[in-house]
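A short write-up of the structure that comes next.
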Amino acid sequence: MASRLKLSTLPTALEACPALGAAIGAPGLLTKRDDLAGAEYGGNKVRKLEYLLGDALERGCDAVVTFGAAGSNHALATAIYARQVGLTCFAVLTDQVQTPWVANTLRWHGLLGTRLLYGTGFAETRLAAERLRASHPSGPQRLYEIAWGGSSPLGSLGFVDAATELATQLAAAGLTAPVRVYLACGTMGSVAGLLVGLGRAGVAATVVSVKVVPQNVVDASAVLQLTRETERLLPAVTAGKQQRATLEFRPEFAGEGYALPTPEAREALALARDLAGFRLDTTYSGKALACLISDARTGRLEGHTPVFWQTWNSRPYPAELTEVDQTILPAEFQKYFR
Ligand SMILES: Cc1ncc(COP(=O)(O)O)c(C=O)c1O
């Protein structure tokens with residue numbers, strides 16, 4: 001297995017949220033603070049990148065190429081951590097709806113010197129990667145490809161470790177009730193890794209996968225396929241431990257589409273801000289909390305320990321972003337600054 005790099009600031013805290021829990025009817029609500037998973041940039045991508053960038057270095061690569069929407073947190077995290085370990089980062093980005101975060105994400109790419117390319121859709125992003133590979137100055141094999149969202153079986157191992165981390169924290173707190181873990185599901189690697197890891201740790205858990213993307217390739221069977229592929233990278237399960245983590249796939253909080261806010265996500269953002277003091281986004285984390293809130297209100301959390309996984313970075317954006325000349329970015333991205 002590839003060596004795991006140390007990029008993160010793990011373990012992340014598992015925190016009680018009494019005021020928010022009381023307001024929504026989820027006593028005992030906990031949040032897993034992956035928003036602080038890295039010193040420079042947190043969120044759920046750092047864990048995956050420890051494996052992926054470790055693999056890239058082990059294979060002697062000098063550059064990585066990855067993919068995402070224009071405001072992709074994954075593409076930004078990859079660019080930040082690739083730079084930290086001395087790898088050039090290419091990111092092939094597609095259009096998305098405007099959000100309050102896209103412009104600063106692109107400016108941060110400008111600051112980092114990410115080589116941004118534009119693709120109209122999945123097929124074109126593939127062609128762009130192939131063209132990059134064919135013309136890579138040090139040879140095609142030295143350009144390492146990282147899947148959308150970092151969600152390959154190798155990347156998902158980061159969330160297998162996250163599950164072990166959570167299991168240790170629950171045990172230390174003496175929490176033995178079945179757990180319901182809520183998180184946004186985009187490219188599925190985080191959910192898949194948690195399912196594998198919680199099962200291997202013997203934790204009675206349901207992973208509630210809150211779908212935030214319109215693609216019909218993202219569904220329960222695709223998540224389970226990724227769990228099987230991730231399992232294959234791991235040693236056989238220790239005798240006596242059971243695989244008990246259950247997947248609950250929830251498409252109904254996605255709203256009209258990727259990055260389009262829903263009233264439920266807006267309410268979740270306001271409650272999280274006012275009662276727990278943390279910031280969420282409307283693309284991913286707000287939709288996941290909206291699902292948890294709805295389940296709390298309908299009594300679905302009774303007898304469970306609810307855990308909200310904060311997957312969105314909360315580290316501040318660099319002050320120098322105001323000085324970035326955005327006109328250096330490709331023409332196709334200029335519309336996000338208007
Ligand atoms: C903030 C945030 N939360 C959740 C997710 C979803 O994680 P995954 O792509 O592993 O399903 C992403 C990834 O795109 C993300 O950026």
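Just so you know, all these numbers are worked out from the coordinates, no wet-lab data involved. These numbers come from a predicted model, not from an experiment.
Distances between every pair of Cα atoms in the range 30-90, grouped in 5 Å steps from 0 to the bin holding the largest one, split as 4, 18, 30, 23, 15, 6, 2, 1, 0 percent.
Within the listed set LEU234, LEU154, LEU143, the Gaussian network model of the chain (springs between alpha-carbon atoms below 10 Å) gives the highest mean-square fluctuation for LEU234.
Between the helical axis of 153-172 and the longest alpha-carbon principal axis of the chain there is an angle of about 30 degrees.
Here the Gaussian network model covers the chain, with springs between Cα atoms less than 10 Å apart; of ALA192, ALA77, ALA147, ALA147 fluctuates the most. Averaging Cα coordinates gives a centre for the range 250-309 and one for the range 54-96; these two points are 29 Å apart. Across the range 72-84, computed HN-Hα scalar couplings (Karplus, 6.51 cos²θ - 1.76 cosθ + 1.60, θ = phi - 60°) run 4, 5, 5, 4, 5, 4, 4, 5, 5, 7, 4, 4, 4 Hz from first to last residue, x flagging Gly and Pro. Over the chain, with a Gaussian network built from C-alpha contacts below 10 Å, which listed residue (ALA134, ALA91, ALA103) shows the highest mean-square fluctuation? Result for the chain, Cα springs under 10 Å: ALA134 fluctuates most. Here is the tail figure for the chain: Cα pairs spaced more than 33 Å apart come to 23 percent of all pairs.
Close amide H partners of CYS185, meaning residues 5 or more places away or on another chain with modelled amide H under 5 Å apart, are VAL210, LYS211, VAL212. Along each principal axis, taking the top coordinate minus the bottom one, the Cα set of the range 112-220 gives 55, 31, 25 Å in descending order. In this structure, the amide hydrogen of THR305, modeled 1.01 Å from its nitrogen in the peptide plane, lies closer than 5 angstrom to those of VAL179, ARG180, counting only residues at least 5 positions away or on a different chain. For the range 67-115, dividing the convex hull volume of the Cα atoms by the residue count gives 59 Å³ per residue. Can you spot the lysines whose alpha carbon is less than 23 Å from LYS45's alpha carbon? Ignore those fewer than 8 places along the same chain. Cross-link targets: LYS6, LYS32, LYS211, LYS287. Working from the Cα coordinates of the range 1-63, the gyration tensor eigenvalues give, after taking √(5λ), semi-axes of 34, 9, 8 Å in decreasing order.
Cα-Cα pairs above 28 Å in the range 183-338: how many percent?
Details: 4025 of 12090 pairs.
Roughly 33 percent, once rounded to a whole number.
Considering every alpha-carbon pair of the range 222-312, the percent of pairs per 10 Å bin, from zero through the bin containing the longest distance, is 14, 36, 29, 17, 3. In sequence order, the range 53-70 has phi-based couplings of 6, x, 5, 4, 5, 4, 7, x, 6, 10, 8, 10, 10, 9, 9, x, 7, 3 Hz under the Karplus curve 6.51 cos²θ - 1.76 cosθ + 1.60, θ = phi - 60°, and Gly or Pro positions carry x. Seen from a random direction on average, the alpha-carbon convex hull of the range 279-338 projects onto 6.3 square nanometres. The angle separating the long axis of helix 122-134 from the principal Cα axis of greatest extent in the chain is about 50 degrees.
Taking the inverse of the average 1/r across all pairs of different Cα atoms in the range 1-121, what Kirkwood radius in Å do you get? Mind showing how you got there, number by number?
Values: mean 1/r = 0.0633 Å⁻¹.
For the range 1-121, inverting the mean 1/r across all distinct Cα pairs yields 15.8 Å.
For the chain, the longest principal axis of the Cα atoms and the long axis of helix 285-297 meet at an angle of about 10 degrees. Taken along its principal axes, the alpha carbon cloud of the range 64-165 reaches lengths of 41, 36, 27 Å, longest axis first.
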